[in-house]
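Chemist: Input: one structure, supplied below.
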Amino acid sequence: MRKLTQSHKREINMLMLKTTQDFIDFSTTQWGINRPITAENLQFHTLDIQHNINALVAFNTDNNVQNLHDSIMQQDTFVREYYIDVLQYIESNNLISAHKYCCV
């Protein structure tokens, strides 16, 4: 397991923010291509977005990569797969113990 550097932290933040923006865009526009956008749909996706923003805030406070990884993994499969680039970055840079990987 490698030590978290400022470069890693910056890249994780960039990936999380980009993915969150993509997920917001999906939730407010693309979702409507296949299904109607309703208040219920928006509320459902907003909770996922809030969960991942809170996980990023916690990561930026405590630098705990494992907690961020776990937090993403606790999401539904669809949301988890949206954030796959973050999970793969963490794992490919050996920032958590190998026995905790999900993307091997």
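Computed from the coordinates by the stated procedures, all read-outs in this text should not be read as laboratory data. Bear in mind the structure is a predicted one, so any value in this text is a computation, not a measurement. Cβ atoms come from the backbone with ideal geometry, glycine included; neighbour counts cover every protein chain shown.
Chemist: Treating the angle as unsigned and between 0 and 90°, give the value, to the nearest 10°, between the Cα long axis of helix 6-25 and the longest Cα principal axis of the chain.
Modeler: For helix 6-25, the angle is close to 10 degrees.
Chemist: When all alpha-carbon pairs of the chain are counted, what percent fall beyond 23 Å?
Modeler: The proportion of pairs with Cα distances above 23 Å equals 27 percent.
Chemist: Let me know the charge dipole size of the range 6-100 about its Cα centre in debye, to the nearest 20, where only the beta-carbon of Lys, Arg (+1) and Asp, Glu (-1) is charged.
Modeler: Dipole magnitude for the range 6-100 comes out near 140 debye.
Chemist: Just name one of 28, 47, 102: the one whose Cα is farthest towards the positive end of the charge dipole of the chain (beta-carbon charges, Lys/Arg +1, Asp/Glu -1).
Modeler: 102
Chemist: Find me the longest stretch of the chain that has none of the exposed trypsin sites (Lys or Arg not before Pro), where exposed means in a DSSP loop (not H, G, I, E or B) with at most 14 other Cβ atoms within 10 Å.
Modeler: 4-104
Chemist: For the chain, calculate the relative contact order in percent as a whole number, restricting contacts to Cα pairs under 8 Å that are 6 or more residues apart.
Modeler: 36 percent
Chemist: Would you mind calculating the gained length between residue 7 and residue 54 on full extension (0.36 nm times residue separation, minus the Cα-Cα distance), in nm to one decimal?
Modeler: Separation in residues times 0.36 nm, less the Cα-Cα distance, equals 14.8 nm.
Chemist: Okay, next question. Set the Förster distance to 22 Å, then compute FRET efficiency between residue 61 and residue 88 from the Cβ-Cβ distance, nearest 0.05.
Modeler: Using R0 = 22 Å, I get an efficiency of 0.40.
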